[in-house]
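Scroll down for the structure; my scribbles are underneath it.
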Amino acid sequence: MNAPLRRVTVPIEGRAYEVVVGLGAVAELPSLLPPTAKRIAVVSQEGVPVQIETTLPHEVFCIGQGEQHKTLATVGDLCRGFARMGLTRNDVVVGVGGGMVTDVAGFAAASYHRGVPVVHVSTTLLGMIDAAIGGKTGVNLPEGKNLVGAFWQPSGVICDLDALTTLPEREVRCGYGEMAKYHFLTGDDLLALDLTDRVARCVEIKAEVVASDEREGGRRAILNYGHTLAHALEIATEHRLAHGEAVAIGLIFAAHLANELGRIDIARVDEHFEVVGVAYGLATDIPRGLDADRLLDLMRKDKKALDGLTFVLDGPAGVEVVPGVADEPVLAALARML
């Protein structure tokens, strides 16, 4: 028998919504649609393994694959399509796909008519525990990733675990890289949970953090644990290293850096290796040929870096934002890994 569906509430004040997790969860989509909706604009991509079933009039808009299509031009094309089909503020956009789809669909929904409801049907592990939850939408500019966007909370999210059976192995690894960070945000033994409960618990953790800091003014930054080096690695490798793979390496670096700063002991560093490298089987080494000074320079440009080098680090009080980190311990931590 299939495990029962899990429902998690994201408790945004005045705009709470449900996330439905489990096998066959897409059947619950009608319960998440706004009651006013008379039309659905479905945003997806070729090859996405989930088809939605609805009695409402709907039109499917397929966007291109890859970061090169995560642009304002794509959002403009979607909004023109919404206009042609007569979509109104009382209707709904449904994003069906991975993180790129939900980011783009969410931003298009936030922009069209200055805000149309959106429901996300996430089809990747990375999207289920990260991109589809929390209301951050956006597209890229030539100058950087996700530089244009909006906070636009969905009306609901579907995490149908059936979609994961079709994922390429690398996509699964990317999801595990993001999932690994949740092991260090609480004291939960996530490895003791089955997949449905583990995904639901990751959603609960993110939901609680997002509800306390919806617009990333402070605490929400802890969700970027492992991401400072990860973003630098993505840029330095011209995205040959995928996001989740980079986060896995970034978690190990963050543990080394916290140890260099005296925030955690070597046993806690070993716990990071046990989760990232052993339990999830992810690579933990910085790719060969990368330069420490180049990575340091890229980390200076991280959007958290408001007061010198800023990192999210483990410590006696748990994972927290640590500003004003000197170059020396960062280079020492990188040297351990290069």
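Every number here is computed from the coordinates shown, using simple stated rules; none is lab data. Quick caveat: nothing in here was measured; it's all calculated off a predicted structure. Every residue, glycine as well, gets a Cβ built from its backbone with ideal geometry; the counts of neighbours run over all protein chains shown.
Label positions at Arg288 and Glu271, each projected 7 Å from the Cα along the C-beta direction, are separated by 3.4 nm.
For the residue pairs Lys38/Lys70; Lys136/Lys181; Lys38/Lys145; Lys145/Lys301, the alpha carbons lie more than 23 Å apart in Lys38/Lys70; Lys38/Lys145. Treating only the Cβ of Lys, Arg, Asp and Glu as charged (+1, +1, -1, -1), what charge dipole size does the chain show about its Cα centre? Round to the nearest 20 debye. Around 1080 debye, computed over the chain.
Taking other C-beta atoms within 10 angstrom as a stand-in for reagent exposure, Thr310, Thr71 fall in the order Thr71, Thr310, fewest first. Placing unit charges on the Cβ atoms of the charged side chains and taking the dipole of the chain about its Cα centre, the candidate lying farthest along the positive direction among Gly24, Pro316, Leu141 is Leu141.
Among Gly135, Gly177, Gly308, the largest mean-square fluctuation in a Gaussian network model of the chain (Cα springs under 10 Å) belongs to Gly308.
Separation of the range 1-75 from the range 120-170 is 11 Å, based on Cα centroids.
Neighbour counts of C-beta atoms inside 10 Å place Met85, Met179 in the sequence Met85, Met179, starting with the fewest.
Estimate the FRET efficiency between Asp327 and His58 by the formula 1/(1 + (r/R0)^6), using the beta-carbon distance for r and 51 Å for R0, to the nearest 0.05. Working from the Cβ atoms, E equals 0.40. Can you tell me which of Ile63, Ile129, Ile158 moves the most in a GNM of the chain? Springs connect C-alpha atoms under 10 Å apart. Looking only at Ile63, Ile129, Ile158, the largest GNM fluctuation is found for Ile63.
The Ala317 and Asn146 beta-carbon pair, evaluated with R₀ = 41 Å, returns a calculated FRET efficiency of approximately 0.90. Pull out a ≥ b ≥ c, the square roots of the eigenvalues of the alpha-carbon gyration tensor of the range 225-337, then state rounded if a/c is under 1.5, prolate if not and a/b is larger than b/c, and oblate in the remaining case. Oblate. Since only Thr165, Phe82, Ala131 are under comparison, the one whose Cα sits farthest along the positive direction of the charge dipole of the range 6-212, derived from C-beta charges on Lys, Arg, Asp and Glu, is Phe82. When both bridge partners sit in the chain, DSSP labels roughly 40% of those beta bridges antiparallel. Close amide-amide hydrogen proximity is noted between Thr123 and Gly97, Gly98, each under 5 Å apart and 5 or more residues distant or on a separate chain (H modeled in the peptide plane; Pro and chain starts excluded). If I build a Gaussian network model for the chain, linking alpha-carbon pairs within less than 10 angstrom, which residue out of Glu143, Glu28, Glu169 has the largest mean-square fluctuation? Looking only at Glu143, Glu28, Glu169, the biggest GNM fluctuation is shown by Glu143.
Each residue in Phe273, Phe82, Phe107 was given a count of other beta-carbon atoms within 10 angstrom of its own, and listing them fewest first yields Phe273, Phe82, Phe107.
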